[in-house]
Amino acid sequence: MISVKGLEKRYTIGDTAFTILNKIDMQADKGEFIAVMGPSGSGKSTFLNLLGGLDTPEAGEITVNGKNIHSLNETQRTLFRREHVGFIFQNYQLLPNLTVEENVSFPMYSGKKDKQEIKKQVSDLLRSVSLEGKEKNYPSQLSGGQQQRVAIARALSMNPNLILADEPTGNLDRRTGTEVLRLLSSLHQKNQLTIIMVTHDVYAASYADRIILLKDGVIESDIRQTEGANQD
Ligand code: ADP
Ligand code: ADP
């Protein structure tokens, strides 16, 4: 599903080049739930952005669903993102002037679906994240956990096979964070969804079935957790 080969990312500040990712190799199968951990500044977000085609590497290859994403031009890459990837961010990134329903549905309008079909899908999506009845609310009228569940529904709206989540529980307390983690975990199990989640939180990572530790530009460890480490 995902194959990463010799991935390199550098930033140049003044005359100095900093190697953030140094020849990373990684494979992920369809349906894996992977946590990417590592110290602050170790390149976790950079790695995720590269996987989602939001950033370009200096060298290396990333193949998602058989597509080498960096051989695509800008337009093709935007299309690729829309069709294959759902993003979830620490700060939810909902549009404040749109209702819950509108936030979830607007990625769909770039497709060819008709209004009635979209309405039905939004309602199904909101049910799947336990937010039925909140259709007309604005993000500011929701708790952080609820906002993140709206963001998850939006991420799922284009029926992606890959979810990239950057510190999805970073702004949430343990209780609401747990709700979000359980939701991700159940979506992953039910729909065979591949999830790659950046987190610095060991508790959040315990929901994944594999933990990749990034350090000093390389993968320091890549460990599969025993089934059910956190299936509460
Ligand atoms: P993490 O998510 O692990 O905290 P990041 O991927 O955000 O790490 O950043 C990795 C390193 O790359 C950091 O040292 C950061 O300062 C640097 N970095 C990230 N983006 C840029 C950029 N656009 N320009 C220069 N340096 C950057
Ligand atoms: P852009 O012109 O920035 O590509 P889009 O219309 O594609 O704008 O998306 C605008 C915003 O909608 C994004 O910044 C993002 O927050 C959200 N969004 C769009 N598609 C997705 C998706 N597949 N997963 C999560 N959020 C999305």
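Just wondering, is there one or more residues in the range 170-179 that are within 15 Å of ligand 2 (Cβ to nearest atom) and either surrounded by 18 or more Cβ atoms within 10 Å (Cβ to Cβ) or within 24 Å of residue 44 (Cα to Cα) (or both)? Break it down stepwise before answering.
Narrowing the range 170-179 to residues within 15 Å of ligand 2 (Cβ to nearest atom): none.
Looking through the range 170-179, none of the residues is within 15 Å of ligand 2 (Cβ to nearest atom) and either surrounded by 18 or more Cβ atoms within 10 Å (Cβ to Cβ) or within 24 Å of residue 44 (Cα to Cα) (or both).
Among the residues of the range 52-103, those that are under 24 Å from residue 119 (Cβ atoms) and part of a loop (DSSP other than H, G, I, E, B) comprise 92, 93, 94, 95, 96, 97, 98, 99.
Of the residues that make up the range 163-170, is at least one under 30 Å from residue 60 (Cβ atoms), within 13 Å of the chain's Cα centre (by Cα) and small (Gly, Ala, Ser)? Yes, because at least one residue in the range 163-170 is under 30 Å from residue 60 (Cβ atoms), within 13 Å of the chain's Cα centre (by Cα) and small (Gly, Ala, Ser).
Within the range 96-112, restricting attention to residues that are within 21 Å of the chain's Cα centre (by Cα) and of a type in the set (D, E, K, R), the residue that is nearest to ligand 2 (Cβ to nearest atom) is 102.
Tell me, yes or no, whether the range 217-224 has at least one residue that is farther than 21 Å from residue 48 by Cβ and of a type in the set (Val, Ile, Thr). Break it down into steps so the answer makes sense when it comes.
As a first pass, look at the range 217-224 and keep what is farther than 21 Å from residue 48 by Cβ: none.
No, the conditions are met nowhere in the range 217-224.
The single residue among 91, 103 that is closer than 22 Å to residue 179 by Cα and crowded, with 16+ Cβ neighbours inside 10 Å turns out to be 103. Taking residue 117 as the residue in question, decide whether it is of a type in the set (D, E, K, R) and either within 22 Å of residue 177 (Cα to Cα) or surrounded by fewer than 12 Cβ atoms within 10 Å (Cβ to Cβ) (or both). Criteria not met by residue 117. All conditions in (1) over 20 Å from the mean Cα position of the chain (by Cα); (2) under 24 Å from residue 79 (Cβ atoms); (3) without any contact (Cβ under 8 Å) to a residue 40 or more places away in the chain hold for residue 135, with the sole exception of (2). Contact map, the range 81-93: residues that are in contact (Cβ under 8 Å) with a residue 12 or more places away in the chain and of a type outside the set (A, V, I, L, M) paired with residues that are assigned to a loop (DSSP other than H, G, I, E, B) and within 7 Å of ligand 2 (Cβ to nearest atom), Cβ distance under 6 Å, separation 6+ or inter-chain. Pairs shown: 82/158; 84/160; 86/160.
Among the residues of the range 26-46, is there at least one that is on the phi > 0 side of the Ramachandran plot, within 16 Å of ligand 2 (Cβ to nearest atom) and assigned to a loop (DSSP other than H, G, I, E, B)? Before the answer, list the steps.
Within the range 26-46, the first condition is being on the phi > 0 side of the Ramachandran plot, and the residues that meet it are 31, 38, 41, 43.
Next, only the ones that are within 16 Å of ligand 2 (Cβ to nearest atom) stay: none.
So far as the range 26-46 goes, no, none of its residues is on the phi > 0 side of the Ramachandran plot, within 16 Å of ligand 2 (Cβ to nearest atom) and assigned to a loop (DSSP other than H, G, I, E, B).
Cβ-Cβ contacts under 8 Å between residues 6 or more apart (or on different chains), taken from a first residue in the range 146-168 that is closer than 19 Å to residue 130 by Cβ to a second residue that is near ligand 2 (Cβ under 10 Å from one of its atoms) and of a type in the set (Ser, Thr, Tyr), are listed as 147/92; 148/92; 150/92; 151/92.
Suppose we keep only residues that are under 15 Å from residue 68 (Cβ atoms) and surrounded by 16 or more Cβ atoms within 10 Å (Cβ to Cβ) within the range 4-20. Which one would you say is nearest to ligand 2 (Cβ to nearest atom)? Result: 4.
Of all the listed residues (93, 76), the sole one being modelled with pLDDT of 95 or more, within 15 Å of ligand 2 (Cβ to nearest atom) and over 18 Å from residue 194 (Cβ atoms) is 93.
For the range 108-227, which fully contained helices (runs of 4 or more DSSP H) count at least 1 residues that are closer than 23 Å to residue 82 by Cα? Spell out the reasoning first.
Values: elements: 115-128, 144-156, 174-191, 202-205.
Ranges flagged: 115-128, 144-156, 174-191.
Residues of the range 134-146 that are farther than 15 Å from residue 122 by Cα, of a type outside the set (Phe, Trp, Tyr) and in contact with a Leu (Cβ under 8 Å, 6 or more places away or on another chain): 139, 144, 145, 146.
The values are calculated or read from the model by the stated rules, or taken from the named source; none is laboratory data. Since the model is a prediction, treat every value here as computed from it, not as a measurement. Don't worry about glycine lacking a Cβ; one is built from the backbone with ideal geometry, like all the others, and counts go over all protein chains shown.
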